[in-house]
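None of the figures in this text is laboratory data; all of them are computed from the coordinates on show. Not measured: the values here are computed from a predicted model. Glycine also receives a Cβ, built like all others from the backbone with ideal geometry; neighbour counts cover every protein chain displayed.
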Amino acid sequence: MPKPQATPIEANEHTQRILEAILRRRTAPLWLVTRVQIIVKAVAGWTNTAIAEELGLDRITVRLWRNRWQENAARRAALEEAPDNEQELEAFIIDSLQDGYRSGTPPKFSAEQVVQIVAIACEDPQASGYPVSHWTPKEVAAEAIRRGIVESISERQVGRFLK
């Protein structure tokens, strides 16, 4: 069975100068340097396996960034053609090498619920029938459940809200 071929990628001299400049920067973040190294080596004709071994990465990671570079080829080519736009081209290159948006898990508590929980903590606990002078996260959690603000909440989560 033949091996799948890596996506061939290209970069003109202008883009290659920008990539090399990014690699020479002492203040460039590691994630950016690693991804630029992938692109520079891929432009030079290295295979995904060779790049992965050289940089200590997984081949899937190398393939991801090689493909991402190729996906942005049309927009990058348009920027390469325009005169005096080095900063815009560099910004586009850096932006195209950043992580994509990750939505994460949806929040369990609405902003209104958080505000109501914080409001409980600002009240006098004795007005709610607690024989203490200051709220603890455990008591705030119990009061929020008692008032029907939330079905359940841990004292640790209350502590995060109050932090």
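Pairwise over distinct Cα atoms, reciprocal of the mean inverse distance: report the Kirkwood radius of the chain in Å, one decimal place. Each step should come with its number before you reach the end.
Values: mean 1/r = 0.0495 Å⁻¹.
Kirkwood radius, the chain: 20.2 Å.
Provide the net charge surrounding Ser128, with neighbours chosen by a C-beta distance below 10 Å and charges set as Lys +1, Arg +1, Asp -1, Glu -1.
On the way: positive: Arg146, Arg147; negative: Glu123, Asp124, Glu139, Glu143.
Net local charge, Ser128 excluded: -2.
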Quiz item: In nm, to one decimal, how far is the Ala50 label point from the Glu112 one, both placed 7 Å along Cα→Cβ?
Solution: 6.1
Quiz prompt | Average Cα contact separation per residue, segment 13-96, under 8 Å, 6 or more apart, as relative contact order % | solution = 25
Practice problem: Count neighbours as other Cβ atoms within 10 Å of each site's Cβ, and list the trypsin sites (Lys or Arg not before Pro) in segment 82-139 that are DSSP loop with at most 12 such neighbours. | Solution: Arg102, Lys108
Exercise. Starting from segment 54-90, pick out the trypsin sites (Lys or Arg not before Pro) whose DSSP state is loop and whose Cβ has at most 10 other Cβ atoms within 10 Å.
Key: none
Quiz item: Of Gln113, Gln98, Pro137, whose Cα points farthest to the positive end of the dipole of segment 98-163 (charges on the beta-carbon: +1 Lys, Arg; -1 Asp, Glu; origin at the Cα centre)?
Solution: Gln98
Quiz prompt | Helix-only mean residue ellipticity at 222 nm for the chain, each DSSP H run of n ≥ 4 adding -39500 (n - 2.57), per residue, nearest 500 | solution = -18000 deg cm²/dmol
Self-check item: Förster radius 25 Å - calculated FRET efficiency between Leu30 and Glu71 (Cβ-Cβ, nearest 0.05)
Solution: 0.65
